[in-house]
Each structure stands twice: as C-alpha cells, then as structure tokens.
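Report on one structure; see the data block that follows.
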Amino acid sequence: MSEIDWDALHARAVEASSRAYVPYSRFPVGAAALVDDGRIVAGANIENAAYGVTLCAECSLVSEMVMGGGGRLVAFACVNGAGERLMPCGRCRQLLSEHAAPGMLLDTVSGIRTMEEVLPDAFGPAALDDYTEHQRSSTRG
Ligand code: THU
C-alpha cells in the first residue's frame, strides 16, 4: 500500500469537518483514513451539552470503519475548521492505535509519521494477553 493519496484524504477530512456538530467549542474537526481494503472512512466531532460526552472526529471515523465492515487503518489525516493539519488528542491516539494496520501512517504537523512515532510503546491488546497467559501459567498445578 505504497501509493497513498494524501491530498484526497485531506480533502475528505475537510469535507467531514463541515458536518461537525460543535455548538459549544465552535471548533470543527474532520478526519479521514484509508482502510486496508481500500475504503476511505471519515468522521467529525460531535459535541454534547454534557461537555465530557463529546465524541472526537476520530471516534466517528473508527465507528464508521467498524460498522462498515471492519478493517485496519493504513493512513490517517485530521484537520481543523480552517483545513489545517491537527494532531489527534492523546485519547484518540490510543483509539487509532487499537485499529492500526502495521506501519500505519499519519499526516501530522511535523510530516508523515508512523503510529508508533505518535504513540510510542502503546498499551494494547497484547498487554492483556500477556497478563492472561501469566495468570494461567502461575495457577497451573
Ligand atoms: N477534537 C477532536 O475531534 N479530535 C481531536 O483529536 C482533538 C479534539 C474535538 C473535540 C472538541 O469537540 C473540539 O475538538 C475542541 O476540543
């Protein structure tokens, strides 16, 4: 998957940002990603009067991917309402990491980066598996 059309992803993110529901922050965010089967998924932030309930753009993007058949994220772009690159917040780096294809790339404010670069040594499912295996072997007679 070497040919990533970053301009197209950026355009989809900008389009998604126009659908943001942001009556509180007035800060629209749009995100778009290439999935490993070639689909493009997108999302926008959806705020709530109970502020903490707000869904980031990455949440609606991951929901679209999972509900649309699953897959793994290959390339990701995120923009603010002015179409400028935006870094995913810490929580969303965790969210993206769970669904990343190996070597997933992000279009960041400091250039194209891997998921591992923007969330080094991430906590993930392997930590749970390791612990479960540890428990199993330590309770074995
Ligand atoms: N926001 C996102 O949608 N994604 C991020 O990664 C950073 C923050 C949204 C949440 C909120 O609606 C607005 O930006 C201001 O924080």
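What number of residues in segment 87-103 are more than 24 Å from residue 25 (Cβ to Cβ), of a type outside the set (D, E, K, R) and within 16 Å of the ligand (Cβ to nearest atom)?
3
Tally up the residues in segment 13-52 that are more than 15 Å from residue 104 (Cα to Cα) and in contact (Cβ under 8 Å) with a residue 60 or more places away in the chain, please.
4
Step by step: first the residues of segment 8-24, then only those that are in a helix (DSSP H, G or I) and of a type in the set (A, V, I, L, M), then the one that is farthest from the ligand (Cβ to nearest atom). Which residue is that?
Across segment 8-24, the extreme among qualifying residues is 8.
When you scan segment 116-130, how many residues do you find that are without any contact (Cβ under 8 Å) to a residue 24 or more places away in the chain and either under 27 Å from residue 4 (Cα atoms) or surrounded by 10 or more Cβ atoms within 10 Å (Cβ to Cβ) (or both)?
8
Can you tell me which residue among 110, 97, 60 is modelled with pLDDT of 95 or more, surrounded by fewer than 11 Cβ atoms within 10 Å (Cβ to Cβ) and closer than 20 Å to residue 9 by Cα?
Sole residue among the options that is modelled with pLDDT of 95 or more, surrounded by fewer than 11 Cβ atoms within 10 Å (Cβ to Cβ) and closer than 20 Å to residue 9 by Cα: 110.
Among the residues of segment 90-106, are any within 19 Å of residue 7 (Cα to Cα), without any contact (Cβ under 8 Å) to a residue 60 or more places away in the chain, part of a strand (DSSP E or B) and touching a Lys or Arg at 6+ places or on another chain (Cβ under 6 Å)?
Yes: one or more hits.
Does residue 137 count as more than 19 Å from residue 34 (Cβ to Cβ), modelled with pLDDT under 95 and over 12 Å from the mean Cα position of the chain (by Cα)?
yes
The values are calculated or read from the model by the stated rules, or taken from the named source; none is laboratory data. Worth saying up front: this structure is predicted, and the values here are computed from it rather than measured. Glycine gets a Cβ as well: all are built from the backbone with ideal geometry, and neighbour counts include every protein chain shown.
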